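Since every read-out is calculated from the coordinates, none of them should be taken as a lab result. Keep in mind it's a predicted model, so treat the numbers as computed, not measured. Reconstructed Cβ throughout: ideal geometry from the backbone, glycine too, with neighbour counts over all protein chains shown.
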Amino acid sequence: MDNDKTISCLNNLIETCRDGQNGFKEAAENVKNPELKSFFNQISLDRARFVGELQQEVRRFGGDPENTGSTAAALHRVWMDIKGTFTGKSDESILSECERGEDSAVDAYKDALKDENLPGDVRTLVDRQFRNVKEAHDRVKQWRDAKGATSSR
């Protein structure tokens, strides 16, 4: 994989993580459940750390860690839509919107990992972050499912 492709891939993930960081921060500000608030704040911090790690890799490959590509813009719009729905919503609906945003993040990481020419050290970093993103997605889904079961009783 040439450096330009690696940089583009990493920049797409940077934008994905920035969107998640902002979305989870917004979610934390609007949920009522203290455990969810803490979880969302932690995920936001994790995504900020991921951005830093990815930016470092972009610089190592000689690139500028900025991205305005169409994939990143689409993911950004997903989180913007989600953020617009938070105020005044139930924890369950916020969880549903977070899950939707995380679906996009999981897809972005899967797309990055599909490239067989991704350098090994970059693949290791992306795979580690992907596992964390997937775990966060699954926890959000579990909480959403549990909230749905509670509210339908």
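Below, the figures for the structure above:
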{"item": "Ranked 51, 58, criterion: other C-beta atoms within 10 Å, fewest first", "result": "51, 58"}
{"item": "Selection of trypsin sites (Lys or Arg not before Pro), the stretch 1-69, meeting DSSP coil and at most 11 other Cβ within 10 Å", "result": "32"}
{"item": "Fewest-first sequence of 46, 103 by Cβ atoms within 10 Å of each Cβ", "result": "103, 46"}
{"item": "Of the GluC sites (Glu not before Pro) in the stretch 18-69, those whose Cβ has at most 14 other Cβ within 10 Å and which sit in DSSP loop", "result": "66"}
{"item": "Taking 6, 124, 16 and counting other C-beta atoms within 10 Å, the order from fewest to most", "result": "124, 6, 16"}
{"item": "Partner lysines for residue 141 [C-alpha distance under 27 Å; skip if fewer than 8 residues away on the same chain]", "result": "25, 32, 37, 83, 89, 110, 114"}
